[in-house]
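K.L.:
The structure that follows is given in the form of structure tokens.
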Amino acid sequence: MPRQLISSGSPFEAQVGYSRAVVQGDWCFVAGTTGTDPETKAMPESVVDQGRNALKVIGKALEEAGFSFADVVRVTYYISDPAYWDVLGEATAPVFGEIRPAATCVVAGLIKPEMKIEIEVTAFKG
């Protein structure tokens, strides 16, 4: 099966050279996604709101690729402050609470100081 590239239309995809998601066979790999509001392009202050926005963009990419959150087998969270872990579930539990993919959380500096979270997922259908 040929590789399918999914774009969210972000100018960074062409500038940096990546796709929002790549489908290869039964797998879908969604790139790290930060919390910019997909409609207003504003970055909310709250890590929870940023997480919700990132999940909206990820959900749209999964859908375009023919996948859903139910197919997610792995999620990685990158947060810029360990204290965010305590509230992150407000954004993620409604999406992943019943799916319960394998998860990793890394505390790291993100590209811009207003970015508090980046989320990437891997989905499988087979």
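K.L.:
Using a cut-off of 21 Å between alpha-carbon atoms, which lysines can reach Lys41, once sequence neighbours fewer than 8 places away in the same chain are excluded?
P.N.:
Lys56, Lys60, Lys112, Lys116
K.L.:
I've got another one for you. Between the helical axis of 47-64 and the dominant principal axis of the chain, each derived from Cα atoms, what acute angle in degrees is found, rounded to the nearest 10?
P.N.:
10 degrees
K.L.:
Let me ask you something else. For segment 67-83, take each phi angle, set θ = phi - 60°, evaluate the Karplus expression 6.51 cos²θ - 1.76 cosθ + 1.60, and give the result in whole Hz per residue in order, putting x for glycine and proline.
P.N.:
10, 9, 4, 4, 8, 6, 10, 8, 9, 10, 9, 10, 10, 8, 9, x, 5
K.L.:
Taking 0.36 nm per residue of separation and subtracting the Cα-Cα distance, what length does fully extending Glu63 through Glu90 add?
P.N.:
Roughly 7.5 nm would be gained on extension.
K.L.:
Now a separate question. Over 5 Å intervals from 0, what percent of Cα-Cα pairs in the chain sits in each interval?
P.N.:
2, 11, 22, 25, 20, 13, 5, 1, 0
K.L.:
Still on this structure, I have one more. Return the carbon/sulfur percentage of the accessible area of segment 1-122, one whole number, probe 1.4 Å, all protein chains in place.
P.N.:
The C+S portion of the solvent-accessible surface of segment 1-122 is 54 percent.
K.L.:
Moving on. Mind jotting down the distance between the C-alpha centroids of segment 74-109 and segment 1-52, whole Å?
P.N.:
Computed from Cα coordinates, the inter-centre distance equals 17 Å.
K.L.:
Any chance you could give the angle, 0 to 90 degrees and rounded to 10, that helix 85-96 forms with the longest Cα principal axis of the chain?
P.N.:
30 degrees
K.L.:
Roughly what % antiparallel, to the nearest 5, for the DSSP beta bridges in the chain?
P.N.:
75 percent
K.L.:
Just to confirm a number: summing +1 for Lys and Arg and -1 for Asp and Glu over residues other than Pro101 whose beta-carbon lies under 12 angstrom from that of Pro101, what do you get?
P.N.:
Values: positive: Arg74, Arg100; negative: Asp71, Glu98, Glu120.
Overall, the nearby charge balance is -1.
K.L.:
How much net charge surrounds Gly59 when only the other residues with a Cβ under 12 Å from the Cβ of Gly59 are counted, with Lys and Arg +1 and Asp and Glu -1?
P.N.:
+1
K.L.:
Using +1 at the Cβ of each Lys and Arg and -1 at the Cβ of each Asp and Glu in the chain, identify which of Ala123, Gly66, Pro2 lies farthest towards the dipole's positive end.
P.N.:
Ranked along the dipole, the leading option is Pro2.
K.L.:
Another question, then. Which residues among segment 26-63 fall inside the zone where the amide N is under 17 Å from a point 7 Å beyond the Cα of Ser7, along Cα→Cβ?
P.N.:
What the label zone holds, given the 17 Å backbone N cut-off, is 31, 61-62.
K.L.:
Kindly provide the helix-only [θ] at 222 nm of the chain, computed as the sum of -39,500 (n - 2.57) over DSSP H runs of four or more divided by all residues, to the nearest 500 deg cm²/dmol?
P.N.:
Computed ellipticity for the chain at 222 nm equals -8000 deg cm²/dmol.
K.L.:
Please report the relative contact order for the chain, taking Cα pairs under 8 Å with a sequence separation of at least 6, and give it as a percent rounded to a whole number.
P.N.:
Taking the mean separation of contacting Cα pairs over the length of the chain, I get 31 percent.
K.L.:
Amide H of Val107: which non-local residues (sequence gap of 5 or more, or other chain) have their own amide H closer than 5 Å, using H built in the peptide plane?
P.N.:
The list, which skips near neighbours in sequence, is Ile79.
K.L.:
To continue, here is another question. So what are the ³J(HN,Hα) numbers for segment 11-17, from phi and the Karplus equation (6.51, -1.76, 1.60; θ = phi - 60°), rounded to whole Hz, Gly and Pro as x?
P.N.:
Residue by residue, segment 11-17 yields x, 5, 4, 6, 4, 9, x Hz.
K.L.:
Step through the residues of segment 100-112 one at a time and calculate ³J(HN,Hα) from phi using the Karplus curve (6.51 cos²θ - 1.76 cosθ + 1.60, θ = phi - 60°), rounding each to whole Hz and writing x for Gly and Pro.
P.N.:
The phi angles translate into 6, x, 4, 9, 9, 10, 10, 8, 8, x, 9, 4, 10 Hz.
K.L.:
Here is a follow-up. What distance in nm separates the two pseudo spin-label positions at Glu45 and Phe124, each 7 Å out from Cα along the beta-carbon direction?
P.N.:
4.2 nm
K.L.:
A further question on this structure: Give me, ordered by chain and number, the residues 5 or more places off Thr33 or on other chains with an amide H under 5 Å from its own placed amide H.
P.N.:
Ile119, Glu120
K.L.:
Which of the GluC sites (Glu not before Pro) found in segment 1-90 are in a DSSP loop and have at most 11 neighbouring Cβ atoms, other than their own, within 10 Å?
P.N.:
Working: sites: Glu13, Glu39, Glu45, Glu63, Glu64, Glu90; in loops: Glu39, Glu45.
Answer by residue number: Glu39, Glu45.
The values are calculated or read from the model by the stated rules, or taken from the named source; none is laboratory data. Computed from a prediction, not measured in an experiment: that's the story for all the values here. So basically every Cβ, Gly included, is an ideal-geometry build from the backbone, and we count neighbours across all protein chains shown. Accessible surface is based on the protein model in full, side chains and every heavy atom, while ligands, DNA and RNA are left aside. Shrake-Rupley method; radii C 1.70, N 1.55, O 1.52, S 1.80 Å.
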